[in-house]
Amino acid sequence: MPIGFFEMGIGGKHALGLELISPDLEAGETILSVETTITPAVGLTKVGDPSKDDTHVYQIVQGVTVGEYEIQFKITTSAGYIHNHPELNVLKVKVVI
């Protein structure tokens with residue numbers, strides 16, 4: 001089960017994201033890169049590239065078609081760890097009328 005759930009209307013545009021905390025991100029460790037994948041691939045659209053700061057990752061999305069979607073985050077840290085757990089690094093999005 002994904003850790004986060006968000007509901008939005010068709011045409012809605014929102015920045016959705018995750019925060020890494022200990023033990024996934026230790027003192028002095030930062031996020032180097034982030035990639036996102038949306039499934040299914042049609043109906044919820046990425047607006048631009050994902051963004052990050054030292055402890056947070058974000059993806060702006062826009063609802064196009066009613067349905068349920070998942071945003072999978074793949075996060076690489078300065079310590080070389082890759083976080084892409086299929087349940088812990090996923091947000092579920094429901095687009096409604």
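Suppose we keep only residues that are part of a strand (DSSP E or B) and out of contact with any Leu (no Cβ under 8 Å at 6 or more places or on another chain) within the range 61-84. Which one would you say is surrounded by the most Cβ atoms within 10 Å (Cβ to Cβ)? Once the filter is applied, the top-ranked residue is Q72. Against the condition touching a residue at least 40 places away in the same chain (Cβ under 8 Å) and more than 29 Å from E26 (Cβ to Cβ), how does K94 come out, does it pass? Criteria met by K94. Out of all the residues in the range 40-50, is one or more more than 19 Å from L20 (Cα to Cα), touching a residue at least 24 places away in the same chain (Cβ under 8 Å) and surrounded by 15 or more Cβ atoms within 10 Å (Cβ to Cβ)? Yes, there is a match, as at least one residue in the range 40-50 is more than 19 Å from L20 (Cα to Cα), touching a residue at least 24 places away in the same chain (Cβ under 8 Å) and surrounded by 15 or more Cβ atoms within 10 Å (Cβ to Cβ). Step by step: first the residues of the range 23-39, then only those that are more than 16 Å from H85 (Cα to Cα) and not β-branched (V, I, T), then the one that is surrounded by the fewest Cβ atoms within 10 Å (Cβ to Cβ). Which residue is that? Filtering first and then ranking leaves A27.
Output the residues belonging to the range 41-81 that are of a type in the set (D, E, K, R) and more than 19 Å from E26 (Cα to Cα). Listed by number, the residues that qualify are K46, D49, E68, E70.
Within the range 13-48, if we keep just the residues that are in contact with a Lys or Arg (Cβ under 7 Å, 6 or more places away or on another chain) and β-branched (V, I, T), the residue that is farthest from T76 (Cα to Cα) turns out to be V47.
Any read-out appearing in this document is the output of simple, stated calculations on the displayed coordinates, not a laboratory observation. Everything numeric in this text was worked out from a predicted model, so none of it was measured. Counting neighbours? That spans all protein chains shown, and the Cβs are built from the backbone with ideal geometry, glycine included.
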